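Shown next, in structure tokens, is the structure this report addresses.
The values are calculated or read from the model by the stated rules, or taken from the named source; none is laboratory data. Small disclaimer: the values here were computed from a predicted structure and weren't measured. Every residue, glycine as well, gets a Cβ built from its backbone with ideal geometry; the counts of neighbours run over all protein chains shown. All accessible areas refer to the heavy atoms of the entire protein, side chains included, with ligands and DNA or RNA removed. Shrake-Rupley method; radii C 1.70, N 1.55, O 1.52, S 1.80 Å.
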There are 2 protein chains.
Amino acid sequence: MNLDEFRRHGHALIDWLADYHQTLGARPVQAPTRPGAVRAMLPADPPENPEGFESCIADLDTVVAPNLSHWQHPRFFGYFPANALLAGVLGDLVSTGLGTVGLSWQSSPALSEVEEVVTDWVRKMVDLSPQWVGVISDTASTSTLVAMICARERTTNYGLAKGGLQAEASPLVVYASAGSHSCVEKGALLAGLGRENIRMIPLDDSYGMRPEALRESIEQDIASGLRPCAIAACVGGTATASIDPIREIADIARRYDLWLHVDAAMAGSAMILPECRWMWDGIEGAHSVVINAHKWLGAPFDCSLYYVRDEQHLMRVMSTNPSFLQSKVDGQVRNLRDTGIPLGRRFRALKLWFLIREQGVSGLQARLRRDMANARRLAEIVSTTPGWTVVAPVHLQTVCVRHEPDGLSGAALDAHTRAWADAVNSSGEGYLTPAMVDGRWMVRISIGAPTTEWTDVAGIWAAIQRHADANSKRTLHSSTVAGE
Amino acid sequence: MNLDEFRRHGHALIDWLADYHQTLGARPVQAPTRPGAVRAMLPADPPENPEGFESCIADLDTVVAPNLSHWQHPRFFGYFPANALLAGVLGDLVSTGLGTVGLSWQSSPALSEVEEVVTDWVRKMVDLSPQWVGVISDTASTSTLVAMICARERTTNYGLAKGGLQAEASPLVVYASAGSHSCVEKGALLAGLGRENIRMIPLDDSYGMRPEALRESIEQDIASGLRPCAIAACVGGTATASIDPIREIADIARRYDLWLHVDAAMAGSAMILPECRWMWDGIEGAHSVVINAHKWLGAPFDCSLYYVRDEQHLMRVMSTNPSFLQSKVDGQVRNLRDTGIPLGRRFRALKLWFLIREQGVSGLQARLRRDMANARRLAEIVSTTPGWTVVAPVHLQTVCVRHEPDGLSGAALDAHTRAWADAVNSSGEGYLTPAMVDGRWMVRISIGAPTTEWTDVAGIWAAIQRHADANSKRTLHSSTVAGE
């Protein structure tokens with residue numbers, strides 16, 4: 001492909017994407033794909049000779065778009081908003097097109113320094129103190145693993161430079177909110193701590209971690225000769241967007257000298273709103289915080305921000321300095337490779353930089369407030385509708401609901417919940433994610449795609465009711481028939 | 001930004017990128033930036049209100065492009081070719097613009113299945129047997145960490161599900177080629193093994209690992225009551241693109257029941273050439289292999305391929321299955337989240353798919369052969385030029401050279417080497433990476449940017465000679481003056 005062809009195909013693909021977004025609302029939200037269907041459309045062998053690029057573009061309409069669940073769709077209410085705002089899309093295009101790689105500062109100065117500046121912008125936007133330093137990584141899972149490793153090395157006084165974790169006399173223990181994301185347990189396991197040394201701390205009625213239970217668990221482990229190492233708390237838990245009481249947890253971390261990692265992957269975006277900052281009150285007592293700019297904030301995936309208060313510690317754990325990466329200016333610059341697992345680095349800061357400038361802080365705030373208002377409005381309607389329950393407090397943009405018709409409970413109720421959620425998803429009218437709390441299935445309505453307005457929320461609520469009613473009628477009828 | 005604006009700005013940025021590539025040859029290759037200069041150009045605070053997107057585009061010419069070292073430049077000879085071929089750039093644009101996230105198969109079926117198909121295409125292209133299954137990750141550093149963790153869990157019989165590494169009675173040991181990338185040591189350290197349990201195996205005259213030294217080291221550790229766990233060998237080592245003897249190393253791995261990880265991050269691309277496959281003869285005896293499609297092959301960074309023979313083991317180590325990720329089809333599909341550290345997944349397969357189709361296997365092969373021919377031609381010229389040495393065998397596209405004028409040795413020779421390399425880089429005429437072998441500095445000329453032709457190689461060789469001669473005259477003159 002020469003540069004003239006690049007212009008021509010590039011313009012065509014920009015237009016293809018614009019058309020895709022323009023027609024999104026008319027597409028089924030969940031992919032109707034059968035397992036293996038895409039694979040069956042593709043040749044088993046790579047082409048020996050060049051195909052025309054036109055056939056690649058054509059496959060977007062036949063192979064790709066019809067077989068995606070559409071995360072940018074106005075009726076996407078699954079998982080979390082993973083918003084790819086258009087200014088961020090264009091920033092990422094430039095990043096890829098420049099083809100620059102941040103191995104060291106010298107290899108891409110603008111990449112390094114724009115990242116420094118933009119992560120500091122976000123620090124100010126969420127009102128963290130100037131003590132905090134941020135870096136961009138791919139996802140919260142990666143940052144959480146880094147946090148677990150940093151905690152491990154703090155407790156072992158840099159055991160990695162000696163005999164490693166395997167040389168430690170008594171086992172390290174990690175404490176996590178029972179509402180924490182699966183990546184916390186995974187991070188602790190990958191860091192070598194072992195499942196027996198992970199404590200899931202029970203939750204209160206609002207699904208926040210119970211500090212008293214945390215304290216008891218730590219005391220018990222100390223009494224047993226174990227070594228408490230780290231606490232992972234969350235602000236915006238995965239299932240219900242729950243809030244752990246950070247201030248009380250930070251006090252406990254301080255008292256027992258534990259690392260405190262705060263997973264604000266989801267709720268971190270909301271910290272740009274002063275009225276939401278109570279949710280992480282006490283955050284200055286944490287050692288590390290993760291905020292996914294690729295979620296609600298709108299930077300295209302992947303763009304996860306990892307903030308630490310002690311950057312020297314992070315670098316001491318993560319740094320390498322082989323000869324081929326040394327440069328004359330090393331003493332005067334930050335080499336971002338020493339802050340994470342990968343050596344190479346995309347120019348991810350560019351999409352975040354473009355996004356914040358194009359939207360302005362006020363523009364980002366307005367969109368988040370719209371989504372929170374829609375969530376509150378929906379929660380009010382659900383909670384006043386007979387047979388329906390809002391199962392968790394609505395602090396942010398996630399509304400967790402359950403349809404509890406008379407005559408259904410236990411496993412039958414779970415089956416009903418999953419059935420109506422599946423019916424909604426299969427209909428293409430919306431995309432919802434069921435999840436468990438308190439051992440029971442419920443359905444999350446996660447509001448916040450870029451183009452989701454109240455009419456879309458009202459639309460999914462109508463669809464939910466229709467499918468739930470139909471399924472409960474079927475279920476109750478068949479159980480009546482079976483009972484006759 | 002609405003969709004009309006997206007079209008307008010998108011077209012403008014496609015054209016900006018085309019212009020950038022068109023004018024690349026006229027730019028200084030290494031950024032002339034002083035530390036802090038980019039930061040000083042940017043406001044310390046984020047904008048409260050939206051800026052026009054035009055100002056973002058304008059900053060590409062003032063802030064960004066002048067402060068990058070240009071990896072796609074025809075005279076970029078640094079580190080390794082991190083080629084962003086244009087078809088791949090456009091594939092990545094689509095990936096970002098779709099804004100789809102692979103959490104589970106259900107969340108993006110096309111993302112999952114195109115990745116399955118394309119990694120299998122590459123498997124065939126490099127002639128790995130059908131036993132191997134590939135997944136895409138960001139970088140080789142990440143895959144190497146995963147390999148170290150998988151090796152650890154194999155040796156401990158899934159210690160992570162019990163007491164973890166800290167419950168193991170005798171320490172695990174990892175063996176790496178002394179020519180291996182820094183990420184091998186880093187991966188072993190992050191996995192908790194500790195520096196005392198990493199053995200760097202010495203190299204032979206061609207900078208390949210000495211199998212006999214490996215065997216002795218293993219025997220010694222067994223005799224000391226330690227537990228040999230894994231070997232990391234490399235094909236295309238970082239400093240000199242050296243080749244470890246994989247078949248002999250695989251035999252040793254088999255005999256002692258060790259995990260064998262092969263880092264073919266760089267040379268893996270060359271395995272699409274039948275005439276190069278002797279370099280990893282014996283590869284079928286390895287447990288894991290990493291091939292960076294974002295290096296010489298041409299998929300824009302990041303796009304690293306990780307192949308394993310036992311996918312079930314990988315998934316057992318890396319999997320999580322929280323309620324919110326479960327779906328009806330889980331038994332019938334591969335959930336790629338269970339193959340790596342991050343949960344979320346970009347549609348990285350799209351850029352690789354477009355690249356292979358647009359180039360064809362034959363197109364990719366032709367470009368790699370061009371680069372290898374240029375490297376051989378340069379090596380021949382260097383080795384017959386008085387005062388110059390080619391310090392390592394040229395198997396691929398990396399030529400390692402040293403200027404050794406009469407009267408310079410030891411530290412003075414090192415200073416000369418670094419000085420002339422720095423002079424070339426500072427002149428903007430080319431970008432070179434110095435590195436150490438055998439305790440002495442040399443300079444790597446890593447050939448293979450997409451538009452690098454013989455004239456560019458000849459040009460950098462002329463510049464190298466000019467700057468080296470000038471510096472040696474200065475050095476020898478000043479030492480003569482000092483000696484008078």
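The calculated pair-distance distribution of the stretch A:263-411 uses every alpha carbon pair, bins of 10 angstrom beginning at 0, and gives 9, 27, 27, 20, 11, 5, 2, 0 percent.
Summarising the rotation from chain A to chain B, the nearest chain A beta-carbon to the axis and its distance in Å are given as A:GLY192, 2. Average projection, convex hull of the Cα set of the stretch B:206-307: 6.8 square nanometres.
Label-to-label distance for A:ARG254 and B:ARG195 is 3.4 nm, based on points extended 7 Å past Cα in the beta-carbon direction.
Separation of the alpha carbons by more than 26 angstrom is noted, of B:LYS186/B:LYS295; A:LYS186/A:LYS295; A:LYS351/B:LYS124; A:LYS295/B:LYS351, for A:LYS351/B:LYS124. Normalised by 2.2 N^0.38 Å, where N is the number of residues, the C-alpha radius of gyration of the stretch A:296-369 stands at 1.42.
Please give the charge dipole size of the protein assembly as shown, origin at the Cα centre, charges +1 on K and R Cβ atoms and -1 on D and E Cβ atoms. Round to the nearest 20 debye. Can you show the working numbers first?
On the way: 88 positive and 106 negative charges, 73 e Å.
In debye, rounded to 20, the protein assembly as shown gives about 360.
Working note: Cα atoms of the stretch B:339-484, range along each principal axis, descending, whole Å: 67, 36, 28.
Can you work out the FRET efficiency for the pair B:ASP469 and B:MET41, with r the C-beta to C-beta distance and R0 = 35 Å, to the nearest 0.05?
On the way: r = 37 Å, r/R0 = 1.07.
Plugging the Cβ-Cβ distance into 1/(1 + (r/R0)^6) gives 0.40.
Where the centre of each part is set by its Cα atoms, how far does the stretch A:395-431 sit from the stretch A:1-78, in angstrom? So the separation of the two Cα centres works out to 31 Å. Selection among A:SER472, A:TYR158, A:HIS313 by position relative to the dipole of the protein assembly as shown gives A:TYR158 as farthest towards the positive end (Cβ unit charges, Cα centre). FRET efficiency for the pair A:ARG370 and A:GLU284, taken as 1/(1 + (r/R0)^6) with r the Cβ-Cβ distance and R0 = 30 Å, rounds to 0.55. Let me test this: with uniform point scatterers at the alpha carbons of the stretch A:135-282, what is the Debye-based log₁₀ I(q)/I(0) at q = 0.13, 0.14, 0.18 1/Å? Cα-only, vacuum Debye calculation for the stretch A:135-282: -0.55, -0.63, -1.03. Of all lysines in the structure, those lying under 24 Å Cα to Cα from A:LYS473, and not within fewer than 8 positions of it along the same chain, are B:LYS328. Computed extension gain for A:GLN220 through A:ALA169, at 0.36 nm per residue and net of the alpha carbon distance, reaches 16.6 nm.
Cα convex hull of the stretch B:339-394: how many Å³ per residue?
Values: hull volume 8.4 nm³, N = 56.
Cα-based convex hull of the stretch B:339-394, divided per residue, equals 150 Å³.
For B:ILE381, the distances from its label point to the matching points in the remaining copies are 7.3 nm, ordered from shortest, with each point set 7 Å beyond Cα toward Cβ. By accessible area, using a 1.4 Å probe on protein heavy atoms only, the protein assembly as shown has 50% of its surface on carbon and sulfur.
Under a model in which nothing but the beta-carbon of Lys, Arg (+1) and Asp, Glu (-1) is charged, the stretch B:347-427 shows a dipole of about 620 debye around its Cα centre. Each of A:GLY25, A:SER288, A:PRO202 was placed along the dipole of chain A (beta-carbon charges, centred on the mean Cα), and the one lying farthest toward the positive end is A:SER288.
Under the rule of -39500 (n - 2.57) per DSSP H run of 4 or more residues, summed and divided by the residues of chain B, what mean residue ellipticity at 222 nm is obtained, to the nearest 500 deg cm²/dmol? Walk me through the intermediate numbers first.
On the way: 13 runs with 202 residues, N = 484.
One gets -14000 deg cm²/dmol as the mean residue ellipticity at 222 nm.
Over what distance in Å are the Cα centres of the stretch A:225-249 and the stretch A:313-332 separated? Cα centroid to Cα centroid, the span is 33 Å.
The mean of 1/r over all distinct Cα pairs in chain B, once inverted, gives the Kirkwood hydrodynamic radius of 24.5 Å.
Placing pseudo-labels 7 Å out from each Cα toward the beta carbon at B:ASP205 and B:ALA412 gives an inter-label distance of 2.9 nm.
Label-to-label distances for B:GLU453 across copies, nearest first, come out at 5.5 nm, using points 7 Å from Cα in the beta-carbon direction.
Each copy carries a label point for B:GLY439 at 7 Å from Cα along the beta-carbon vector; from one copy to the others these points are 6.8 nm apart, nearest first.
How much accessible area per residue does the protein assembly as shown have, in Å², with a 1.4 Å probe?
Details: 30440 Å² over 968 residues.
Solvent-accessible surface per residue comes out at 31 Å².
So what's the gap between the Cα centers of the stretch A:106-176 and the stretch B:142-163, to the nearest angstrom? The two parts, judged by their Cα centres, are 22 Å apart. Between B:LYS162 and A:SER323, what FRET efficiency follows from the Cβ-Cβ distance if R0 is 41 Å, with the result rounded to 0.05? Calculated value: 0.55. In the stretch B:89-175, one over the average inverse separation of all distinct C-alpha pairs is 16.1 Å, which is the Kirkwood hydrodynamic radius. In this rough spin-label picture, where each label sits 7 Å from Cα along the Cβ direction, the A:THR389-A:THR23 distance is 4.4 nm.
Please report, to one decimal in angstroms, the Kirkwood hydrodynamic radius of the protein assembly as shown built from all distinct Cα-Cα pairs. Kindly include the intermediate steps, with their values, before the conclusion.
Values: mean 1/r = 0.0346 Å⁻¹.
Here the Kirkwood hydrodynamic radius works out to 28.9 Å.
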